[in-house]
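Only one structure is covered here, and it is reproduced in the block below.
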Amino acid sequence: LVLIPRYEELPGFQGDDAPDERRRQEMELYMCLDSFMTMPMPALAELCTALICSISAIMYNGAL
């Protein structure tokens, strides 16, 4: 069982400023979350890895 947060509701993704909008667009463009839904899990794009680490850091107060 894997819990996948709604990234649109996390700080860094929910604002209306340019960086938040860019992050949301990149998550959709590179289908970062879709990669977690397929088996076997494909290698993540480098950009997706950075975005997923950002989400992890937000959720765990800076810890990766």
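Since every read-out is calculated from the coordinates, none of them should be taken as a lab result. All of these numbers come straight from a predicted model, not from anything done at the bench. Note that we place each Cβ from the backbone using ideal geometry, even for glycine, and neighbour counts take in every protein chain shown.
May I ask for the equivalent-ellipsoid semi-axes of the chain, computed as the square root of five times each C-alpha gyration tensor eigenvalue and listed largest first in whole Å?
Details: eigenvalues 73, 42, 22 Å².
Ellipsoid half-lengths, sorted descending, are 19, 14, 11 Å.
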- Note on the structure: Quick calc, TYR60 & MET31: beta-carbon distance into FRET formula, R0 22 Å, rounding 0.05, result 0.35
- Dividing the mean separation of Cα pairs under 8 Å (6+ apart) by the residue count of the chain yields a relative contact order in percent of 23
- Task: Quote the charge dipole size of the chain about the Cα centre in Debye, to the nearest 20; the model charges only the Cβ of Lys and Arg (+1) and of Asp and Glu (-1).
- Result: 240
- With x for Gly and Pro, the residue-by-residue ³J(HN,Hα) of the stretch 26-37, computed from phi through the Karplus equation 6.51 cos²θ - 1.76 cosθ + 1.60 at θ = phi - 60° and given in whole Hz, is 5, 4, 6, 4, 8, 6, 4, 6, 5, 4, 6, 8
- Message: Projecting each Cα onto the charge dipole of the chain (Lys/Arg +1, Asp/Glu -1 at the beta carbon, about the Cα centre), which of LEU51, MET37, PRO11 comes out farthest on the positive side?
- Response: MET37
